[in-house]
Structures are given as structure tokens and as C-alpha cells.
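Below is one structure; the comments refer to it alone.
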Amino acid sequence: MALFDFLQEGAQERYLPSIKIIAERWDIMLGEDALDGVNDYNFAERVISLLESGKYRADFILQVISDLGSIAWWRGPHLSDGHAGRVAALARRLHLSGADALTLPPRDIPLSAARRAHVVFAGDLAGPFHSPSRGAIDYVAALAMDPTVERIDLHHGGEIKNNMQAYIDERLGDVPPERGLNLISTQENPDYLVDAIRKGPCTYHFWCEPIMAPQITIASRLGPTVMFTCGDEPPPQYADVFWYFHEPQHMAPIWKRRGAPASYIRNYVQSLSGPFYDEGPPAPRARAEVHLPQDAFVIATVGNRLAVDLDETFVTGIEKILRDRPNCIWLVVGGLPDNLLDACQAILGDQFRYIYQDLELARLMTTVDVFANPFRQGGGNSAMIALTAGAVLLTTKDGDVASMAPPEHRAKDPEDYFARLAMLIDTPGALDAWREPQRERCRVMTDQTHFLSALKAMVDLAHQRFEARQGRTLTSVVEED
């Protein structure tokens with residue numbers, strides 16, 4: 001299987017089974033020899049050109065687009081702005097044409113009714129250490145704080161395992177019966193969307209739902225929609241309100257470069273807070289317990305996709321910082337490919353420490369001085385854990401983690417990043433000076449009363465936008481300037 005042979009090169013072992021499934025699926029959908037000879041430089045162009053050729057069914061195209069996003073996340077390479085724009089435009093066209101073809105009777109969606117009933121789509125609930133799954137439950141818990149809510153349906157895929165069920169019980173076990181809380185498996189009930197419609201007017205929420213799920217665009221024809229956008233990336237499907245933690249002036253140029261319509265950019269709203277369950281600071285952990293010198297300056301990098309996240313610029317920059325400062329240690333937590341692990345151990349010696357997995361990550365982060373986020377899109381969950389544990393957060397201005405740092409703490413480029421890291425190490429009192437504004441940012445982000453207020457405002461705005469577009473095709477709404 002030539003495609004899988006290519007894709008497994010450079011991929012972390014934990015993602016190989018999923019990547020193999022994608023390769024086998026593409027051999028069936030695109031043709032077994034369609035991508036022979038691809039490499040990291042022409043892979044995205046070859047795939048997208050095939051999808052644009054007009055030879056394939058719409059459902060095949062949307063599946064491959066979804067898979068392409070997974071490959072970029074799990075293995076790389078990251079899609080360029082031009083490629084991302086072409087993929088999004090193709091997905092948008094297919095989703096909109098399908099939704100606009102639906103014949104739906106006029107529906108009266110009064111604000112009062114839509115505010116009382118909420119349908120949340122959240123993808124698979126994989127486990128409490130999976131940040132989208134944990135966030136989905138916290139999102140519903142925030143909705144359930146509103147005494148005016150009479151129905152909350154959480155639609156999810158996949159099996160709920162025992163540890164996930166325990167977290168659901170912990171967070172949602174005390175929700176009053178009058179909130180009408182239901183967890184609905186989309187696998188066990190394939191008519192979930194029809195059932196949601198039959199229950200009457202509601203607001204539709206999308207929390208980390210798979211980006212190609214057709215119900216996203218279909219629901220936009222049925223009622224007001226609110227979508228969590230998960231980072232800098234513009235979504236391929238429409239919502240009346242897109243929201244995340246970044247400032248609109250940060251998102252607008254990125255979304256424009258990556259092909260988002262002007263209507264999407266206008267619909268973006270910043271929330272200063274989110275559905276984060278603040279369990280308080282973790283119990284401190286002794287450095288000796290994890291074999292760290294008491295007087296060392298510890299820099300930590302954490303991630304599940306480090307084969308993709310740790311690029312040459314980042315690793316070289318860390319190496320230079322350590323070479324000039326023998327009192328510093330770089331602690332890496334997460335799966336590392338053998339070649340990178342061997343190289344770090346050989347070059348950095350005792351200044352490099354590695355932990356494959358720590359189930360008490362929050363306590364481990366209490367031993368850390370600086371959480372050094374790589375130049376990546378993800379990492380928000382581990383960054384929030386590090387902030388709560390008292391570590392100082394260092395990040396560039398892009399990606400999930402940047403939104404968690406005060407604007408003045410975000411490095412504009414790699415050179416600025418490592419200059420800031422050097423300053424934090426070399427300047428007495430610099431860590432304490434950074435901690436206080438970061439603690440305040442963390443406090444606001446985890447304030448659930450603040451988040452519920454922001455969420456209510458987003459629901460009201462979504463309803464106003466839905467009323468304004470009633471009777472029009474979604475395509476005309478999306479394409480208006």
C-alpha cells in the first residue's frame with residue numbers, strides 16, 4: 001500500500017492505526033494508484049487537485065477533506081493558506097448545495113422558545129483527559145446554570161467508557177430535573193436530527209463536532225446556531241455565531257487568508273471565558289520525586305503530537321537556550337518518535353528529561369518554571385493545566401495557547417519567543433512579574449458565571465441573525481459581501 005507507506009513516515013506510533021484506516025479508505029474512494037509517488041511537498045496539491053477534478057461523489061470528497069485535516073493534525077504537513085482556502089471552498093459549496101436543496105416549511109422560531117431549549121452536538125466523548133470531550137460536559141454544565149433553560153440535548157457519537165461516565169456524573173449529576181438534560185448517542189439513534197426538530201424550536205450548538213458533519217449546515221436551516229471554532233482555523237460550515245477566545249482583529253486576517261467568506265468573519269465573536277471546570281491548584285509535587293534538581297530552571301513542553309509539533313526551529317532554539325545556560329533543564333512530556341528522542345538525549349545530555357505519560361500532569365506542572373508551547377495550533381488543554389499549576393506560559397501569538405496568555409506576553413515570532421525565554425531565565429523577578437497577569441487571565445477564562453453571561457449574549461445574537469436570514473438560501477447569506 002504505497003499511500004500508507006508514505007503516510008507512516010514521520011507519524012507517531014499512536015496514530016498509525018487511524019492513519020492506516022484513512023489510507024485504506026482513500027485507496028477505495030480515490031483509486032489505489034491515485035496518489036502514487038506523493039511526498040511532503042506535493043501531497044496536499046495532489047489530493048486537492050483530485051477532489052477538484054469532478055470525478056468523485058460529494059460524500060467521498062467530504063470524507064477525504066475531513067481525513068486530510070486529521071492527517072495535517074496527526075502527521076503533517078500543515079495545509080498552506082492557499083490549500084486551506086481551496087478545501088474550505090469545496091466543502092462549503094457541497095454542504096450549502098445540499099442544505100439549500102431541502103424543502104422546509106416556514107418555521108416560527110420565537111426567541112423565548114429558542115432560549116429555553118438547546119441541542120448540543122459534540123462528537124465522540126472519548127474520555128475525561130480528552131479536552132474536547134471534557135469541554136463538552138463542561139459546556140453543558142454551564143448551560144444548565146441558566147434557570148430559564150427547559151431542555152438540553154447533548155448529541156454524541158461513540159461509546160461512553162467508565163471514566164468518561166464518572167466525569168459526566170461528577171459534573172452533571174446535580175443538574176436539576178427541570179433542565180431536561182438528555183444524552184443522546186447518534187449511533188444508537190440515527191434519527192437524532194429529526195427527533196430534535198420534532199421537539200420544537202431550539203438553539204443549536206456545535207462543540208468540537210467533526211467539521212464535515214452534515215448536520216452542522218442542515219441545522220443552520222432549522223434554527224439559530226452557535227459554534228465553538230477551536231483555534232485560529234476558519235470553519236468550513238456556516239453558523240450565526242462563531243466564537244473563540246482570540247480577539248476579532250487577530251482572527252480576521254487569518255480567516256481572510258485562509259479563504260473564509262466575509263460573512264463568516266463578521267459572525268465571529270470573542271469570549272473572554274469558556275467552559276473550564278476550575279478544580280483549584282493541584283497539590284505540589286516534589287522535584288526529587290520526578291528526578292529534577294531543586295535549583296534547576298525547568299522548561300516543560302507537553303503534547304500528544306510532538307512528532308508534528310516540534311519543528312526544527314523550536315528544537316534548535318531550545319538547544320541554544322540550554323547550551324548557554326547549564327542550570328536549565330528541558331522536560332518533555334508526551335510521545336516522541338525514537339529518532340527525535342535519541343537525538344535530544346545525545347545532544348542535550350542531562351539537560352534533557354523525558355516522560356512518556358504522567359497521569360498526574362497537573363501535579364507535575366507544579367515542578368515547572370516555564371511551560372514552553374511549541375509553534376503549533378493546539379495545546380490548549382495542557383497549557384490550561386500548566387497555568388492552573390502556577391507555571392509561566394510562553395507562546396507565540398498564534399494558535400490555541402496564545403488566546404490563554406495576556407496579549408503582551410505573546411511572542412510575535414520565534415526570534416522574539418526565545419528572547420523572551422532568555423529574559424525569563426536571566427532576569428530576577430521576571431517569572432513573578434508574568435505570573436500575576438497570567439493568573440488574572442486564567443481567572444477570567446474559568447469564571448463560569450461570566451461564561452454563562454457571554455453564552456446567553458451569543459445565543460441572543462444568533463437568534464437575531466437567524467431571523468434576519470429567514471426565507472433566504474444559506475448560499476446567499478454566506479456569499480453576501
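So the values come out like this:
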{"item": "Probe 1.4 Å, accessible area per residue of the chain, Å²", "result": "43"}
{"item": "Unit charges at the beta carbon, dipole of the stretch 1-108: most positive-side option, 70, 39, 90", "result": "90"}
{"item": "Among 414, 387, 399 the positive-end extreme of the charge dipole of the stretch 307-424 (Cβ point charges)", "result": "387"}
{"item": "The stretch 1-102, dipole about Cα centre (Lys/Arg Cβ +1, Asp/Glu Cβ -1), debye to the nearest 20", "result": "360"}
{"item": "Accessible-area composition of the chain, carbon plus sulfur, in percent [1.4 Å probe]", "result": "53"}
{"item": "Exposed-site-free run, longest, the chain (rule: GluC sites (Glu not before Pro); DSSP loop; at most 15 other C-beta within 10 Å)", "result": "361-479"}
{"item": "Phi-based couplings in Hz for the stretch 182-187 (Karplus 6.51, -1.76, 1.60; Gly and Pro marked x)", "result": "9, 9, 10, 7, 6, 7"}
{"item": "3J(HN,Hα) from dihedral phi, the stretch 299-306, Karplus parametrisation 6.51/-1.76/1.60, rounded to Hz, x for glycine, proline", "result": "10, 10, 10, 10, x, 8, 10, 5"}
{"item": "Rg/Rh ratio calculated on Cα atoms of the chain (Kirkwood radius)", "result": "0.97"}
{"item": "Within-11-Å neighbourhood charge of residue 329 [Cβ basis; K, R +1; D, E -1]", "result": "0"}
{"item": "Assigned charges on the beta-carbon of Lys, Arg, Asp, Glu; the chain dipole about Cα centre (debye)", "result": "1080"}
{"item": "Amide H contacts of residue 118 (H built 1.01 Å from N, under 5 Å, at least 5 apart or other chain)", "result": "151, 152, 153, 203"}
{"item": "23 Å Cα-Cα threshold exceeded, pairs from 320/412; 55/256; 256/412; 161/456", "result": "55/256; 161/456"}
{"item": "5 angstrom amide H check on residue 352, placed H, neighbours 5+ away", "result": "330"}
{"item": "Karplus (6.51, -1.76, 1.60) ³J(HN,Hα), θ = phi - 60°, over the stretch 427-433, in Hz, Gly and Pro reported as x", "result": "9, x, x, 5, 4, 5, 5"}
{"item": "Amide hydrogen neighbours beyond the local backbone of residue 227, cut-off 5 Å, H modeled", "result": "206, 241, 242, 243"}
{"item": "Prolate/oblate/rounded call for the stretch 137-216, Cα gyration tensor, a/c under 1.5 rounded", "result": "oblate"}
{"item": "Solvent-accessible surface (1.4 angstrom probe) belonging to residue 129, in square angstrom, nearest 10", "result": "150"}
{"item": "Förster-model FRET efficiency, 30 Å R0, residue 102 and residue 81, C-beta, rounded to 0.05", "result": "0.40"}
{"item": "Cα point-scatterer Debye curve for the stretch 224-344, base-10 log of I(q)/I(0) at q = 0.09, 0.10, 0.15 Å⁻¹", "result": "-0.46, -0.55, -0.93"}
{"item": "Calculated [θ] (222 nm, deg cm²/dmol) that DSSP helices of n ≥ 4 give over the chain, each run adding -39,500 (n - 2.57)", "result": "-14000 deg cm²/dmol"}
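The values are calculated or read from the model by the stated rules, or taken from the named source; none is laboratory data. Quick caveat, the model's predicted, so the values are computed rather than measured. Virtual Cβ from ideal backbone geometry, glycine too; neighbours counted across all protein chains shown. SASA here: full protein model, heavy atoms, side chains in, ligands and nucleic acids out. Shrake-Rupley method; radii C 1.70, N 1.55, O 1.52, S 1.80 Å.
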